[in-house]
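Student: Pasting in a structure now, in structure tokens, and then I'll have a few things to ask.
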Amino acid sequence: MTIRDYIAEQAQAVEQALSVIIPADWDIPKPLRESMMYSITAGGKRLRPILVLAAAHAASGIEEAERAAMPVACAIELIHTYSLVHDDLPAMDDDDYRRGKPTNHKVYGEAMAVLAGDALLTHAFHSVTRATEHELVTVEAALAITRDLAYYAGAAGMVGGQAADILGEQGVTALSDLEYIHLHKTSDLIAFSLLAGGRVGGAETQQLEALEAFGRKLGLAFQIQDDILDLVGDEQKLGKKTNSDVAQKKVTYPYLLGLDKSKELVEQLTSEAKQSLEIAKLPEPARLEEIADYLMQRDH
Ligand code: GRG
């Protein structure tokens, strides 16, 4: 199977799991449930959950580990989705479109969008606990994943990166400031995905460290590629407006380094990421390596 087909197949499995992630028998106000489901089912590449599944398989050498990892894969997509809903709010990036559709607050109003984001975030932790229903996932692994999720998605992770971004707006001039923002805002959820997949797959401590490093570098490469696509990408394919960074006077890698150097950096980071993966010596690392190459060449 080609990597494109693999990604498409895994994305479909994730979509299926997400479509029933909120229990049908929970008594939830209708607009809140609708607002949550609107963003959960709005599409997206499902990159982070696919990385969880691929890492679980790579670390265990067992395909069944993908099924065991699905609740954790859904959890990271719930966190990612909440972050997008909140990021699009007028108090933050004030965007009208996301994933090719009107943003959550444009459809359900600001208050419901805030609450839908809150509920998606909370539900992620519920989903992690359900991973223990599969015999491959120990309670210890689920506990470690819960702790990691709180760390990588929280104040020292993605939320911290977003705060640094807002605090530094237009004041960022050093590459190191920009790197801090990207490492936390983007890389942390990707690093978590690799780490969590590794935990489901029973990876050893050193393998977990190498997987985390793989994710961190891959995440940085992914974000720089995102900045590049904002300048030279296709609006149709991206599902959002291009040149938004320029319009918002955002300091990005292409702004600080130029387009060519930024492209070189994406290649360099991808290569470094793959070196970290090699160090992990996983039983079946091929798909993870292919995903790294695929992301470097992505156009959306
Ligand atoms: C509001 C706490 C809080 C955090 C917001 C996600 C985020 C942090 C901001 C969104 C803006 C942005 C460009 C963030 C960097 C991460 C990133 C590249 C998000 C887009 O991820 P994709 O491309 O999106 O995986 P899809 O739609 O494919 O899931």
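The values are calculated or read from the model by the stated rules, or taken from the named source; none is laboratory data. Note that the structure is predicted; figures quoted are calculated from it, not measured. Neighbour counts run over all protein chains shown; Cβ positions are idealised from the backbone, glycine included. In case anyone asks, the SASA skips ligands and DNA or RNA and just uses the protein heavy atoms, side chains included. Shrake-Rupley method; radii C 1.70, N 1.55, O 1.52, S 1.80 Å.
Student: Scan (1) within 16 Å of the chain's Cα centre (by Cα); (2) at negative phi; (3) open to solvent by 40 Å² or more (accessible area, probe 1.4 Å) for the single condition residue 99 breaks and write down its number.
Tutor: (2)
Student: Another question about this same structure. Looking at region 240-295 only, could you name the residues that are crowded, with 17+ Cβ neighbours inside 10 Å, hydrophobic (A, V, I, L, M, F, W, C) and at pLDDT 90 or above?
Tutor: Residues satisfying the conditions are 257, 265, 266, 269, 273, 277, 280, 282, 288, 291, 292, 295.
Student: Separate question: Would you point out the residue of region 35-49, among those that are basic (Lys, Arg) and touching a residue at least 40 places away in the same chain (Cβ under 8 Å), that is surrounded by the most Cβ atoms within 10 Å (Cβ to Cβ)?
Tutor: Taking the candidates together, the pick is 48.
Student: So the check is Cβ under 9 Å with 6+ separation or different chains; which pairs have a first residue in region 68-88 that's within 15 Å of residue 126 (Cα to Cα) and β-branched (Val, Ile, Thr) and a second one that's outside any helix (DSSP H, G or I) and more than 9 Å from the ligand (Cβ to nearest atom)?
Tutor: So the pair list comes out as 72/137.
Student: Regarding residue 216, is this residue under 18 Å from the mean Cα position of the chain (by Cα), of a type in the set (Lys, Arg), away from the ligand (no atom under 16 Å from the Cβ) and surrounded by 19 or more Cβ atoms within 10 Å (Cβ to Cβ)?
Tutor: no
Student: Also: Kindly indicate whether any position in region 213-231 is part of a helix (DSSP H, G or I), free of Cβ contacts under 8 Å to residues at least 12 places away in the same chain and over 17 Å from residue 45 (Cα atoms).
Tutor: Within region 213-231, none of the residues are part of a helix (DSSP H, G or I), free of Cβ contacts under 8 Å to residues at least 12 places away in the same chain and over 17 Å from residue 45 (Cα atoms).
Student: Let me confirm something: among 284, 267, which residue is among the acidic types (Asp, Glu), within 30 Å of residue 207 (Cα to Cα), more than 17 Å from the chain's Cα centre (by Cα) and assigned to a loop (DSSP other than H, G, I, E, B)?
Tutor: 284
Student: Which members of region 1-37 meet the condition of being hydroxyl-bearing (Ser, Thr, Tyr) and either within 16 Å of the ligand (Cβ to nearest atom) or under 20 Å from residue 101 (Cβ atoms) (or both)?
Tutor: Those that are hydroxyl-bearing (Ser, Thr, Tyr) and either within 16 Å of the ligand (Cβ to nearest atom) or under 20 Å from residue 101 (Cβ atoms) (or both): 19, 35.
Student: Now for a separate question. In region 102-122, which residues are hydroxyl-bearing (Ser, Thr, Tyr) and either more than 23 Å from residue 142 (Cβ to Cβ) or open to solvent by less than 50 Å² (accessible area, probe 1.4 Å) (or both)?
Tutor: Selection gives 103, 108.
Student: Answer with yes or no whether residue 193 is away from the ligand (no atom under 16 Å from the Cβ), assigned to a helix (DSSP H, G or I) and among the small types (Gly, Ala, Ser).
Tutor: For residue 193, the condition - away from the ligand (no atom under 16 Å from the Cβ), assigned to a helix (DSSP H, G or I) and among the small types (Gly, Ala, Ser) - is not met.
Student: Return the residues of region 143-159 that are more than 13 Å from the ligand (Cβ to nearest atom) and either part of a loop (DSSP other than H, G, I, E, B) or touching a residue at least 60 places away in the same chain (Cβ under 8 Å) (or both); say none if nothing qualifies.
Tutor: Residues satisfying the conditions are 145, 149.
Student: What is the residue count in region 60-81 for residues that are open to solvent by 10 Å² or more (accessible area, probe 1.4 Å) and of a type in the set (A, V, I, L, M)?
Tutor: 2
Student: Six or more apart or on different chains, Cβ under 8 Å: which pairs go from a residue in region 1-29 that's within 18 Å of residue 297 (Cα to Cα) to one that's exposed (fewer than 10 other Cβ atoms within 10 Å of the Cβ)? Could you list them?
Tutor: Final answer for the pair search is none.
Student: Let me ask something else about it. Condition test on residue 84, is it touching a strand residue (DSSP E or B) at 6+ places or on another chain (Cβ under 8 Å), surrounded by fewer than 22 Cβ atoms within 10 Å (Cβ to Cβ) and closer than 26 Å to residue 129 by Cα?
Tutor: Against the criterion (touching a strand residue (DSSP E or B) at 6+ places or on another chain (Cβ under 8 Å), surrounded by fewer than 22 Cβ atoms within 10 Å (Cβ to Cβ) and closer than 26 Å to residue 129 by Cα), residue 84 qualifies.
Student: Just checking: which of the helices (runs of 4 or more DSSP H) contained wholly in region 38-137 hold 3 or more residues that are hydrophobic (A, V, I, L, M, F, W, C) and within 16 Å of the ligand (Cβ to nearest atom)?
Tutor: 47-60, 64-87, 110-130
Student: Would you check if there is a residue in region 26-34 being assigned to a helix (DSSP H, G or I), buried (at least 18 other Cβ atoms within 10 Å of the Cβ) and among the acidic types (Asp, Glu)?
Tutor: No; the residues of region 26-34 include none that is assigned to a helix (DSSP H, G or I), buried (at least 18 other Cβ atoms within 10 Å of the Cβ) and among the acidic types (Asp, Glu).
Student: Considering each of 162, 223 in turn, give the residue that is closer than 19 Å to residue 274 by Cβ, touching a helix residue (DSSP H, G or I) at 6+ places or on another chain (Cβ under 7 Å) and within 10 Å of the ligand (Cβ to nearest atom).
Tutor: Of 162, 223, the one residue that is closer than 19 Å to residue 274 by Cβ, touching a helix residue (DSSP H, G or I) at 6+ places or on another chain (Cβ under 7 Å) and within 10 Å of the ligand (Cβ to nearest atom) is 223.
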